[in-house]
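For reference, the structure is listed below as structure tokens.
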Amino acid sequence: MGISQQSLNDGRYLSHQFIRSTSGDARIRHCARNFLQPVCKISVQFFFASLLWRNAKVCETSVDLRPIPILSQEANKLKRTLLVVAVALAVTIPSFAAPMCNNVTLDTLLAGGVNAAQGCQISDKIFSGFSYTGSIAAANILVSLQTNGPIPAGATINFTPNNGTNWSALNLSFTTSIDTTLCASCTFVSTLDQIFTPPTPNNDAATFNHPGFGSVNVSGASPATLSGQVAIGGAKVVMTQFTQTGGTTLQSLSSTFSQTAVPEPSSLLLLGTGALGLFGPIRRKLLAHRK
């Protein structure tokens, strides 16, 4: 026995209503339009139609074949549940302040670059306000971001030439900030600044300055990984100014930002999982009807 026409109609209507209820929120509009809509044309419509059809007493005996948009009783219950889930998704899906760009060249982050206005974001860290002068063209410098775990873990930004050459001169600055919409209570604790030098014999030196918090000077003979740490107490925004002060074989540099381990309460997550739990009572009612 095939799925009834009423079940197909209800399934089609519910899929459209779910897309409309979710796509109205800016944070999940992209997901709703670019993922849910094409899927709902086949999978979601069939899912709702199948679910309604399985309850034979409701879908085939007690429900009149009424035209859309008048829904059967069970379809109305499912619609209300979907609206609750849509609201839960709206508050639990994070909204990022800057693009989640990674492995981009430095020129895209400088004035006039495609990522200059907002910078790049990984986890709750936003890197922006880049300026640069050096012996290697900005288009040949790869900028990569790495997170050390879920929020509130730290994050690292790396700068590495992608043309096989080393710096003989370098001045670089940028700003690191915490996206407070993802972790309002988080603040920076410290930075770990490093330079990396190749096996070529040389003495390299550099200074990392974080205005308002302190600076660190690193120097040594190649090959070496030279590092220093600066305490950043209670700040949500940190500026980094890097200057190569000696040597001609600087291979790469990085800064790692650690922060407080006190994230926001997980109430939003609980709200989302609680909304999903509403499917349980609906399922039990369907099973009761079948009996």
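What follows draws every value from the coordinates through simple rules; no lab data is involved. Please read these numbers as outputs of a predicted model, since none were measured by experiment.
Using 0.36 nm per residue, how much length does the chain from residue 229 to residue 102 gain when fully extended, once their Cα-Cα distance is taken away?
43.3 nm
How big is D for the stretch 104-259, in µm² s⁻¹ as a whole number, if Stokes-Einstein is applied with the Kirkwood radius of its Cα pairs at 37 °C and 0.692 mPa s? Display every interim value, and only then the final one.
On the way: Rh = 15.7 Å.
Estimated via Stokes-Einstein, D reaches 209 µm²/s.
Could you pull out every residue, at least 5 positions away or on a different chain, whose amide H is within less than 5 Å of the one on residue 168? Hs are placed 1.01 Å off N in the peptide plane, and Pro or chain starts have none.
Sorted by chain and number, the residues that satisfy this are 135.
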